[in-house]
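Okay, so here's the structure we're looking at.
The values are calculated or read from the model by the stated rules, or taken from the named source; none is laboratory data. Note that the coordinates shown come from a computational prediction; the quantities given were computed from them, not determined experimentally. All Cβ positions, glycine included, derive from the backbone under ideal geometry; neighbour counts span all protein chains shown. When the accessible area is computed, the model is the full protein with side chains, heavy atoms only, and any ligands, DNA or RNA have been set aside. Shrake-Rupley method; radii C 1.70, N 1.55, O 1.52, S 1.80 Å.
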Amino acid sequence: MAECIFCKIAAGQIPARIVHQDDQAVVFEDLNPQAPVHLLIIPRKHFMSLNEAAAEDRDVLGHIHLLAAKVAAMRGISDGFRTVLNNGARAGQTVSHLHLHVLGGRQMTWPPG
Ligand code: AMP
Ligand code: ZN
């Protein structure tokens, strides 16, 4: 999508601190980290949230979750990390390209608020 900032990161058109990329997904550092480790995992395919996901997106949705564990291991936070996928403005979604947050490196609290 032309005006989507995460599509532009995936296409290499704007800079990001990329930590992993493959044919389906890109992982990069969050610009405003909320924990010592805060990564974002995006599918290369543009869709806004789980509300827009279709059956054909099953594979990439699984892939980004497996990647979460992989990059958590790379960063040494396998003993405790949180994945967050905000769907819609009321859930706090600010960028309209589905993304999975991976947070860790500190004690997480519950409820998330
Ligand atoms: P959400 O609130 O779930 O939509 O999360 C969007 C996240 O994207 C926030 O944590 C932002 O800090 C992060 N973010 C926005 N723009 C960029 C960017 N250009 N590079 C890296 N992270 C970004
Ligand atoms: Zn996009």
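Scanning the range 36-77 for residues that are in a loop (DSSP other than H, G, I, E, B) and among the small types (Gly, Ala, Ser) yields 49, 53, 54, 76.
All conditions in (1) part of a strand (DSSP E or B); (2) open to solvent by 30 Å² or more (accessible area, probe 1.4 Å); (3) not aromatic (Phe, Trp, Tyr) hold for residue 107, with the sole exception of (1). Is at least one residue of the range 6-18 away from ligand 2 (no atom under 16 Å from the Cβ), open to solvent by less than 40 Å² (accessible area, probe 1.4 Å) and more than 12 Å from residue 99 (Cβ to Cβ)? No; the residues of the range 6-18 include none that is away from ligand 2 (no atom under 16 Å from the Cβ), open to solvent by less than 40 Å² (accessible area, probe 1.4 Å) and more than 12 Å from residue 99 (Cβ to Cβ). Just give me the residues in the range 48-96 being more than 27 Å from residue 36 (Cβ to Cβ), surrounded by fewer than 12 Cβ atoms within 10 Å (Cβ to Cβ) and among the charged types (D, E, K, R), in sequence order. Across the range 48-96, the qualifying residues are 56, 58, 59, 90.
The lone criterion from (1) under 12 Å from the mean Cα position of the chain (by Cα); (2) surrounded by 15 or more Cβ atoms within 10 Å (Cβ to Cβ); (3) among the charged types (D, E, K, R) left unmet by residue 45 is number (1). The residues on offer are 33, 112, and the sole one that is part of a loop (DSSP other than H, G, I, E, B), under 15 Å from the mean Cα position of the chain (by Cα), exposed (fewer than 15 other Cβ atoms within 10 Å of the Cβ) and not aliphatic (A, V, I, L, M) is 33. Checking every residue in the range 88-100 against the condition of being touching a Gly at 6+ places or on another chain (Cβ under 9 Å) and assigned to a strand (DSSP E or B) gives zero matches.
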